[in-house]
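The structure that follows is given in the form of structure tokens.
The values are calculated or read from the model by the stated rules, or taken from the named source; none is laboratory data. Values in this document were obtained by computation on a predicted structure and should not be read as measured data. Cβ placement follows ideal geometry from the backbone for every residue including glycine, while neighbour counts extend to all protein chains displayed.
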Amino acid sequence: MYTWSFAPIAQSADLFLWGAWITILYTVSSIAIGLVLGLLLCFARLSGIGPLNWLAQGFQELFRCTPLLVQLLWIYYALPLLLGFDLANWAAALITLSLYAAAFYAEVFRGGIVSIDRGQSEAGAAIGMSGWQVMRRIVLPQAIRRMMPAFINQSVTQFKNTSLISVISVAELTYMASIVNGQTYRPLESYTVLAVLYFAILFPITKFADIVESRTRGGH
Amino acid sequence: MTSVSTPAAPETVLEARGIVKRFGALTVLHGIDLALAGGEVVSIIGPSGSGKSTFIRCMNMLEAPDAGEIRFRGRQVGSSFRGKGDRLGQGELRRHVGMVFQHFNLFPHMSVLENVIEGPTTVQRKPRKEAVDIAMDYIAKVGLAEKRDARPDQLSGGQKQRVAIARALTMQPDALLLDEITSALDPELVGEVLGVVRGLAEQGMTMVIVTHEISFAADVSDRVVFMEGGRIAEQGSPDGILRNPDNERLKTFLARFHG
């Protein structure tokens, strides 16, 4: 019978906390960058300008149809060879996570915007609004409400995906757990604590997403 | 200024010349001409698929004609949002020519009042207080003053459509385009909306009305246009067109309504 012993793990509590902090930092910053890039991608897709649309779509497909781990390895190990200069592991991690997020957020935005009835844009145009005014005053306020559940889901996935950057030695939560495991030789405790920490952070967020979703449905 | 002695013919407000519209290989409008004089009420009737809705949507450039032109007070309307040279922009046209839609298209994230002041504040850049004053005037005229803070999903179809009319009127347009505005309503709600339109006609509002309500068209219109197959097949006074039709297709069309 295995005897659980969390005492050695507790001594490394600061490593876990620091790791969790780094994980949150990578999540928040890659979401922030991903949102901006994703919005640009989305507008490129909806611009009606052929080359812009194809370029944006090509980018999206590239990131949606390859594994994030492969993207990470490629950007960290292969891209520097192409560019001729080194990329720090934290930069490679942030770039990859942000681009990956952008590809998916663009689709969330696009889905929200095109789901708004054409009659809405027409009613805006019919009172003399410009395309931008229609987007800002009529379409986006409705689309944002509608895209909230998908946005939160994608962000939860983004949080979990940061665990992959441990592979290139970014000292986030998962990486810290493996350090603790190496120091204590207690994989069961180390990785259980790791899983519990992810769960403790994400469970409230997914519950919040459920509330948002049910309220959105109740709204319109 | 018009001279006092000779009553000049009312000025043409909105004019369509040779409007052609194609959707892919299908030509839905084969060169439509229609001039709307100030204060005139024109009803467009015709079977489904005759192109009447497409045509009225061309009149404020929601559909871009493939050939022909729209003129507002003599100025040709260009395809860009803002005017260029002597051309009037689409945006400018739409500030002067309101439209009401079959499916209301109220903004669901705004209250009744917010729906109605959206145009004056965002497009005409009026101060909010002034916009609210004008808006409340029209909201009261369509009989919905007590609903000013309601959300569209709390209104009946007839109420929604009256808000949509108030939204168009608050822009203080020179003309109104009404695109089958009672077609999506339950029969018992049609009357309240038509009542509002009748009031507008009596006050001299210039209107184009696409409708299936033949007897209403006969009542309020100065002129009735019968469209078929993307062409104007017949037009004239309501009496001539609706009560004594001599066009065979028009007779067939009307027979369906008279039972």
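Among the candidates A:Gly112, A:Gly119, which residue alone is touching a His at 6+ places or on another chain (Cβ under 8 Å), within 30 Å of B:Leu106 (Cα to Cα) and in a helix (DSSP H, G or I)?
Unique residue meeting the criteria: A:Gly119.
Contact list please: Cβ distance under 8 Å, first residue in segment A:92-108 and modelled with pLDDT of 95 or more, second residue of a type outside the set (D, E, K, R) and not in a helix (DSSP H, G or I), pairs at least six apart or on different chains.
A:Ala93/A:Val170; A:Ile95/A:Leu87
While we're here: Of B:Leu185, B:Leu177, which residue is more than 10 Å from chain A (Cβ to nearest Cβ) and closer than 27 Å to B:Val42 by Cα?
Every option except B:Leu185 fails the conditions.
Kindly check whether there is at least one residue in segment B:227-244 that is in contact (Cβ under 8 Å) with a residue 24 or more places away in the chain and hydroxyl-bearing (Ser, Thr, Tyr).
The answer is no, given that none of the residues of segment B:227-244 is in contact (Cβ under 8 Å) with a residue 24 or more places away in the chain and hydroxyl-bearing (Ser, Thr, Tyr).
So if I check each of B:Lys160, B:Lys251, which one is in a helix (DSSP H, G or I) and without any contact (Cβ under 8 Å) to a residue 12 or more places away in the chain?
B:Lys251 is the lone residue from the list that is in a helix (DSSP H, G or I) and without any contact (Cβ under 8 Å) to a residue 12 or more places away in the chain.
Does segment A:154-177 contain any residue that is of a type in the set (A, V, I, L, M), under 19 Å from the mean Cα position of the chain (by Cα) and within 14 Å of chain B (Cβ to nearest Cβ)?
No - not one qualifying residue is present in segment A:154-177.
Per-residue answers, yes or no, for (1) of a type in the set (S, T, N, Q); (2) part of a loop (DSSP other than H, G, I, E, B); (3) out of contact with any helix residue (DSSP H, G or I) (no Cβ under 7 Å at 6 or more places or on another chain):
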| position | (1), (2), (3) |
| --- | --- |
| A:Ser166 | yes, no, no |
| A:Leu188 | no, no, yes |
| A:Leu197 | no, no, no |
| A:Thr206 | yes, no, no |
| A:Thr216 | yes, no, no |
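A further question follows. Out of (1) in a loop (DSSP other than H, G, I, E, B); (2) surrounded by fewer than 16 Cβ atoms within 10 Å (Cβ to Cβ), what's the single condition that is false for B:Gly83?
Only one criterion is unmet by B:Gly83, namely (2).
For every residue, the table says whether it meets (1) within 14 Å of chain B (Cβ to nearest Cβ); (2) within 30 Å of A:Val156 (Cα to Cα); (3) assigned to a helix (DSSP H, G or I); (4) among the hydroxyl-bearing types (Ser, Thr, Tyr).
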| position | (1), (2), (3), (4) |
| --- | --- |
| A:Leu72 | no, yes, yes, no |
| A:Ile75 | no, yes, yes, no |
| A:Leu79 | no, yes, yes, no |
| A:Asp86 | no, no, no, no |
| A:Trp90 | no, yes, yes, no |
| A:Leu94 | no, yes, yes, no |
| A:Tyr100 | no, yes, yes, yes |
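Additional query: Among the listed residues A:Gly128, A:Gly124, identify the single one that is in a helix (DSSP H, G or I), within 14 Å of chain B (Cβ to nearest Cβ) and not polar (S, T, N, Q). Show your work before the answer.
Numbers: A:Gly128 fails: in a helix (DSSP H, G or I).
Going through A:Gly128, A:Gly124 in turn, just one is in a helix (DSSP H, G or I), within 14 Å of chain B (Cβ to nearest Cβ) and not polar (S, T, N, Q): A:Gly124.
Residues in segment B:83-108 that are of a type outside the set (A, V, I, L, M) and in contact with a strand residue (DSSP E or B) (Cβ under 9 Å, 6 or more places away or on another chain): how many?
First, the residues of segment B:83-108 that are of a type outside the set (A, V, I, L, M): B:83-87, B:89-92, B:94-96, B:98, B:101-105, B:107-108.
With in contact with a strand residue (DSSP E or B) (Cβ under 9 Å, 6 or more places away or on another chain) added as a condition, the list becomes B:83, B:86-87, B:89-90, B:92, B:96, B:98, B:101-102.
Total meeting the criteria: 10.
Report, by residue number, each residue of segment B:105-127 that is within 10 Å of chain A (Cβ to nearest Cβ), under 10 Å from B:Pro152 (Cα atoms) and hydrophobic (A, V, I, L, M, F, W, C).
Scanning segment B:105-127 gives B:Leu106, B:Phe107, B:Met110.
Test each condition in (1) out of contact with any Pro (no Cβ under 8 Å at 6 or more places or on another chain); (2) in contact (Cβ under 8 Å) with a residue 40 or more places away in the chain; (3) closer than 23 Å to B:Ser53 by Cα; (4) outside any helix (DSSP H, G or I) for B:Glu192 and report the one that comes out false.
If we test B:Glu192 against (1) out of contact with any Pro (no Cβ under 8 Å at 6 or more places or on another chain); (2) in contact (Cβ under 8 Å) with a residue 40 or more places away in the chain; (3) closer than 23 Å to B:Ser53 by Cα; (4) outside any helix (DSSP H, G or I), just (4) comes out false.
For residues in segment B:109-157 being among the basic types (Lys, Arg), assigned to a helix (DSSP H, G or I) and in contact with a helix residue (DSSP H, G or I) (Cβ under 8 Å, 6 or more places away or on another chain), which is surrounded by the fewest Cβ atoms within 10 Å (Cβ to Cβ)?
Taking segment B:109-157 as the starting set, the residues that turn out to be among the basic types (Lys, Arg) are B:125-126, B:128-129, B:141, B:147-148, B:151.
Filter again for assigned to a helix (DSSP H, G or I), leaving B:128-129, B:141, B:147.
Next cut, in contact with a helix residue (DSSP H, G or I) (Cβ under 8 Å, 6 or more places away or on another chain) only: B:128, B:141, B:147.
On the way: B:Arg128: 11, B:Lys141: 17, B:Lys147: 19.
Here the answer is B:Arg128.
Follow-up question, since we're still on this one. I'd like the residue in segment B:40-77 that is touching a Leu at 6+ places or on another chain (Cβ under 7 Å) and assigned to a loop (DSSP other than H, G, I, E, B) and, out of all such residues, is nearest to B:Val197 (Cα to Cα).
B:Asn60
Right, next: Only one of these is β-branched (Val, Ile, Thr) and in contact with a Ser or Thr (Cβ under 7 Å, 6 or more places away or on another chain): A:Val180, A:Val108. Name it.
A:Val180
Here is a list of conditions, (1) at pLDDT below 95; (2) touching a Ser or Thr at 6+ places or on another chain (Cβ under 8 Å); (3) more than 10 Å from chain B (Cβ to nearest Cβ), and A:Arg145 meets all of them except one; can you say which number that is?
Of everything listed in (1) at pLDDT below 95; (2) touching a Ser or Thr at 6+ places or on another chain (Cβ under 8 Å); (3) more than 10 Å from chain B (Cβ to nearest Cβ), A:Arg145 misses just condition (3).
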